[in-house]
1. Can you find, within segment A:1-29, the residue that is nearest to the chain's Cα centre (by Cα) among those that are touching a residue at least 40 places away in the same chain (Cβ under 8 Å) and more than 27 Å from A:Gly146 (Cβ to Cβ)?
2. Would you please list the contacts, defined by Cβ atoms under 6 Å and residues six or more apart or on different chains, that run from a residue in segment A:51-62 that is more than 10 Å from chain B (Cβ to nearest Cβ) to a residue that is within 6 Å of ligand 1 (Cβ to nearest atom) and not aliphatic (A, V, I, L, M)?
3. Within 16 Å of ligand 2 (Cβ to nearest atom), within 14 Å of the chain's Cα centre (by Cα) and among the hydrophobic types (A, V, I, L, M, F, W, C), is that true of A:Cys122?
4. Go over the candidates B:Glu309, B:Glu322, B:Glu314 one by one and state the one that is touching a Lys or Arg at 6+ places or on another chain (Cβ under 7 Å) and over 16 Å from B:Thr136 (Cα atoms).
5. Considering each residue of segment B:153-164, count those that are open to solvent by 30 Å² or more (accessible area, probe 1.4 Å) and either of a type outside the set (S, T, N, Q) or touching a strand residue (DSSP E or B) at 6+ places or on another chain (Cβ under 6 Å) (or both), and give that number.
6. Looking only at residues that are facing chain B (nearest Cβ under 7 Å) and open to solvent by less than 20 Å² (accessible area, probe 1.4 Å) in segment A:89-98, which one is farthest from ligand 1 (Cβ to nearest atom)?
7. Just checking, which of B:Phe140, B:Phe152 is at pLDDT 95 or above and closer than 22 Å to B:Trp236 by Cβ?
8. State yes or no: is A:Asp70 within 9 Å of chain B (Cβ to nearest Cβ) and either at pLDDT 95 or above or surrounded by fewer than 24 Cβ atoms within 10 Å (Cβ to Cβ) (or both)?
Amino acid sequence: MARMKFLCDAERCIECNACVTACKNEHEVQWGINRRRVVTINDGEPNEKSISVACMHCTDAPCAAVCPVDIFYTTEDGVVLHNKDACIGCGYCLFACPFGAPQFPQDGAFGERGKMDKCTFCGGGPEEDNSPAERAKYGRNRLAEGKLPLCAEMCSTKALLAGDANEVSDIFRERVVARGSNRGAWGQNLQFNPLGGTRR
Amino acid sequence: MIAISRGSAALAWLIRLAAIAMALSMLPSMAVAATDPAKPPGDPVANYWREVRQGVPGLSQVDGAESGVLINAAGQQWREQRNGPLKRYGAMILLAMLGIIVLFYLVRGPMRLSAPPTGRKIQRFTPFERFVHWGTAITFILMGLTGLAVLFGRSVLGPLIGSGGLGGLLGLGKLVHNYLGPVFLAFTILLILVFLRDNVWAKCDAQWIARAGGMFSSGDHIPSGRFNFGEKAWFWLGVTFLGLFVAGTGLLLDFPALIDRTRELMQNLVLLHAIGAVLLLAMSLGHIYMATLGVEGAMESMKTGEVDETWAKEHHELWYEETKAGRSSHM
Ligand code: SF4
Ligand code: SF4
């Protein structure tokens with residue numbers, strides 16, 4: 001069974017925002033909402049770094065823990081999905097999420113929060129795979145088609161990686177070696193458990 | 001305790017996950033920082049990472065509140081506070097209050113009149129006063145029930161009605177809670193204005209306190225004005241302080257789109273609002289008990305606006321005398 005994870009390589013990300021755009025287009029995300037965003041730290045300075053971030057599909061997801069209507073579920077692949085039908089738009093998931101992933105359309109006369117929208121790891125929602133209902137609420141279900149998230153698939157520098165934790169980890173390990181730093185190899189197996197879950 | 005240690009383990013894990021998912025790419029230079037936390041300042045990558053973790057914003061082309069902030073540092077803490085102490089102690093306070101009231105009822109029973117009713121009625125509340133009271137009471141009960149459902153519904157009702165049922169119930173509950181909130185605030189302000197002058201300190205209050213309001217001794221009539229000290233305490237602590245506090249924090253939470261509010265502010269507001277609401281609900285149980293089961297004839301006064309003269313004499317003697325002498329301003 002796969003354990004899906006994202007990983008963004010800040011040494012490679014060039015802040016082109018193509019992942020943001022591709023995601024928005026692939027899922028025809030509502031007006032005013034982006035499921036993914038690129039953040040640049042130290043913009044314009046020598047140590048500028050960019051990172052693409054969306055829902056990281058946490059193992060012990062804070063959003064799921066605080067949701068008053070308990071609408072989150074984790075798939076067999078470790079993807080955190082939610083049932084929009086029951087969402088009441090309270091915003092608690094956003095308050096708890098470490099990455100600011102949950103997004104809200106504005107709804108009603110007072111600009112209240114509508115139903116929460118977030119990255120699905122291109123995995124849709126509780127409806128039948130790629131049914132019109134699922135499509136309309138959550139966008140395309142690429143996982144059901146045997147494909148990986150589009151943001152990572154089309155990333156021109158391959159900064160953004162998505163897929164099974166072990167494979168993502170292997171790719172990254174190769175890069176660390178190629179960058180020629182022994183220091184870099186340190187901790188990969190010992191200290192860090194980069195991709196969550198089982199190994200320590 | 002188990003929940004707490006599990007929580008902090010989860011927190012540690014989460015920080016690690018965050019650190020790793022985003023900064024693994026900087027591993028070559030991170031490694032030194034990771035082995036030696038006391039590394040002298042100046043390593044740009046280490047500094048940068050520290051800033052990210054503390055929530056210092058970067059730049060994002062995506063518009064939105066705090067879109068430049070990579071890590072919402074307080075999120076996990078908020079989760080632990082809300083799901084932990086807030087829910088735990090909130091439930092304990094409310095259940096303890098209920099328990100005390102039940103016990104008090106069993107031991108002491110309702111306070112009955114010692115003399116027979118005269119059959120002569122005097123007016124205690126004007127129609128306007130009753131309108132304001134019931135307006136506040138009804139909105140308060142609806143706010144309380146819907147608010148409790150947001151905090152405890154998932155634990156209490158979730159196993160029975162499932163997530164879909166919760167969604168239907170709380171979807172409606174949220175609408176009621178959000179739209180009725182400002183109405184409750186308006187009623188509360190009116191209520192305070194209407195009853196303010198009868199709730200100032202009077203000399204007889206000291207006596208009431210000294211004898212605990214005669215709550216533990218039947219037939220002990222302590223003279224008091226229109227309201228006794230117990231009612232005054234509820235007026236100031238409950239209605240005025242907690243009522244305005246809960247309604248005020250609620251109003252700020254109500255319109256998230258109108259002002260640019262940070263997550264941190266919303267987190268704190270949710271916690272403060274809930275703490276105040278739990279205390280207010282606990283106090284209100286006392287008030288509701290006294291008005292319904294606790295004191296014979298009390299409910300009638302708010303229902304009809306009138307009380308029997310015996311009731312007036314036994315519970316609010318000074319007010320009764322004033323009224324009889326035509327000095328009361330409430331007739
Ligand atoms: S929405 Fe946030 S808290 Fe929930 S799984 Fe995604 S990253 Fe984690
Ligand atoms: S906004 Fe929706 S998904 Fe988020 S916590 Fe509230 S009900 Fe749950």
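The values are calculated or read from the model by the stated rules, or taken from the named source; none is laboratory data. Given the structure is predicted, the values throughout are model-derived calculations rather than measurements. Neighbour counts are summed over all protein chains in view; Cβ atoms, including those assigned to glycine, are modelled from backbone coordinates with ideal geometry. SASA here: full protein model, heavy atoms, side chains in, ligands and nucleic acids out. Shrake-Rupley method; radii C 1.70, N 1.55, O 1.52, S 1.80 Å.
1. A:Ala10
2. A:Cys55/A:Lys118
3. Details: within 16 Å of ligand 2 (Cβ to nearest atom): no; within 14 Å of the chain's Cα centre (by Cα): yes; among the hydrophobic types (A, V, I, L, M, F, W, C): yes.
No, not satisfied.
4. On the way: B:Glu322 fails: touching a Lys or Arg at 6+ places or on another chain (Cβ under 7 Å); B:Glu314 fails: touching a Lys or Arg at 6+ places or on another chain (Cβ under 7 Å).
The conditions single out B:Glu309.
5. So the answer is 7.
6. Restricting attention to segment A:89-98, the residues satisfying the condition of being facing chain B (nearest Cβ under 7 Å) are A:90-91, A:94-98.
When the remaining residues are screened for being open to solvent by less than 20 Å² (accessible area, probe 1.4 Å), the result is A:91, A:95-98.
Details: A:Gly91: 12, A:Phe95: 10, A:Ala96: 6, A:Cys97: 3, A:Pro98: 6 Å.
Across segment A:89-98, the extreme among qualifying residues is A:Gly91.
7. On the way: B:Phe152 fails: closer than 22 Å to B:Trp236 by Cβ.
So the residue among B:Phe140, B:Phe152 that is at pLDDT 95 or above and closer than 22 Å to B:Trp236 by Cβ is B:Phe140.
8. Values: within 9 Å of chain B (Cβ to nearest Cβ): yes; either at pLDDT 95 or above or surrounded by fewer than 24 Cβ atoms within 10 Å (Cβ to Cβ) (or both): yes.
Here the answer is yes, as A:Asp70 does meet what is asked.
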